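Enquirer: A single structure is presented below for examination.
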Amino acid sequence: MGKMNEMSQAIADLRSATATISDVANWLTQQFSGEDDSKQQIPKSTIKEEPIPKPILTLEQVRAVLAEKSRDGHTAEIRELLKKYGAAKLSKVDPANYKALMEDAEVLGDGK
């Protein structure tokens, strides 16, 4: 995309955001002005549902949990879990498997 197209898109986005802010400000004014007009609502076109991002586990977070389990005497089980996920050490585990690995590790020691 050329610089002029990018600038044009940025201007259009700003105008859209300005209109949305104005609509919301008008709605808020109506709601808190003490007038009873229950038909006044925020236009649906101005409300955008943002998906809630899932927290991403980091190597450090997984390492902390596994270290705690290891200190509790579950070192052999942790090694088996790492093998289950195709790695000899944690740094070789695919980050896509961190959540499943954490779930498996959290139940270690529950049955004692």
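Read the figures in this text as sums done on the coordinates, not as results from a lab. Given the structure is predicted, the values throughout are model-derived calculations rather than measurements. Note: ideal-geometry Cβ built from the backbone for every residue, glycine included; neighbour counts use all protein chains shown.
Enquirer: Going by how many other beta carbons lie within 10 Å of each one, how would you line up Val24, Val65, Val107, Val93, fewest first?
Expert: Val107, Val24, Val65, Val93
Enquirer: Sorted from fewest to most neighbouring beta carbons within 10 Å, what does the list Ser16, Ser70 look like?
Expert: Going from least to most buried by this count: Ser16, Ser70.
Enquirer: Also: Once you put a point 7 Å from the Cα of Met4 and another 7 Å from the Cα of Asp104, both along the Cβ direction, what distance in nm separates them?
Expert: About 5.8 nm, to one decimal.
Enquirer: Most exposed first by the Cβ proxy, i.e. fewest other Cβ within 10 Å, how do Ser33, Ser8 rank?
Expert: Lowest to highest Cβ neighbour count: Ser33, Ser8.
Enquirer: Right, next: So what are the range 59-106's ellipsoid semi-axes, whole angstrom, largest first, if each one is the square root of 5 times an eigenvalue of the alpha-carbon gyration tensor?
Expert: Over the Cα atoms of the range 59-106, the ellipsoid semi-axes are 15, 12, 9 Å.
Enquirer: Something else about it: Can you compute the modelled spin-label distance between Ala87 and Lys54, with each label point 7 Å from Cα toward Cβ, in nm?
Expert: Simple spin-label model gives 1.7 nm for this pair.
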